[in-house]
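To keep things clear, I will list the structure first and then write my remarks on it.
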Amino acid sequence: MGRILVANRRGHQVVEWVTTDTEEARHSIEEAERILREARESGCMVSKKVDGRHVIDRAPFDPNVEEYQILAPIAGG
Amino acid sequence: MLPSPAARIASWWRRLLGMPPAAGDSLNPDDAAIERPWRHRWDHLPKRTAGAGFSRADYAEARRRAREVARVTLGDALWTELQDQGYLDVPSRLRPGLTYRLRVGRRIEVRRAPGVRSPWRYPYLCINPTYPLPEEEFFAQLYLYTRDREDVILKVAAEQPWDQLLGRTF
């Protein structure tokens, strides 16, 4: 199972997917991929957990990643 | 319970203007779903607030969840370092001799090794998220930006002569 931490004013909310070979699992992966793509297209960055810590990642969505996080765009001032 | 006519009108206007839904808005179809803050405009919000309808309990819960995710994002070693000393230092990769000192909810302090010139006249950099976030959550995100995407920091930072709380976090 993987998850996306969607940082927002509520602290964060979680989108999860499973990698089993079922219709429901495929749907959860598609939904997770769609959220990540939408966030990136809106200027957000994405990090993924690697060896126990998060690093900013530019690669396409990979359902085998344990955890992604959507980072807010930043602005000066 | 059915929403009042005034609540219906307020909800309708919020959607029309691209504003985020009020907390607990039963007319918002996404209320029970994931809030995607990049879909909304947040410029109208007063500084250091999360929007209409956010109760004291909502703030407390948001900060609790933020602390949890900040720890996961940084990892235990950095989290402990932050708790012990109150800041994290990130050495610049693009400007050798500069170090960014990050503190929760405050501007970045730029520190220089002796003899090193800074690209900025002033020692503080003001960088905010474009939507409201609890300050510990944004701290962890800013750490990732500074360590992994310093080019973005250099591009967006607004230099300032003094330290101050950030306006878009709470």
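Each value in this text was obtained by applying a stated rule to the coordinates, not by laboratory testing. Just so you know, these numbers come straight off a predicted model, no measurement behind them. All Cβ positions, even for glycine, are placed from backbone atoms using ideal geometry, and neighbour counts span all protein chains on display.
Things worth noting here:
- Residues satisfying the stated conditions in the range A:11-26, i.e. farther than 23 Å from residue B:70 by Cβ and either within 11 Å of chain B (Cβ to nearest Cβ) or more than 12 Å from the chain's Cα centre (by Cα) (or both): A:18, A:19, A:20, A:21, A:22, A:23, A:24, A:25, A:26
- Cβ-Cβ under 7 Å pairs, at least 6 apart or on other chains, the range B:154-169 side at the interface with chain A (Cβ under 9 Å from one of its Cβ atoms), far side small (Gly, Ala, Ser): B:156/A:75; B:156/A:76; B:157/A:76; B:158/A:76; B:158/A:77
- Any strands (runs of 3 or more DSSP E) falling wholly within chain A and containing at least 1 residues that are surrounded by fewer than 16 Cβ atoms within 10 Å (Cβ to Cβ): A:13-17, A:45-50, A:53-56, A:74-76
- Pick from the range B:69-94, criterion more than 8 Å from chain A (Cβ to nearest Cβ) and among the polar types (S, T, N, Q), ranking: nearest to residue B:135 (Cα to Cα): B:83
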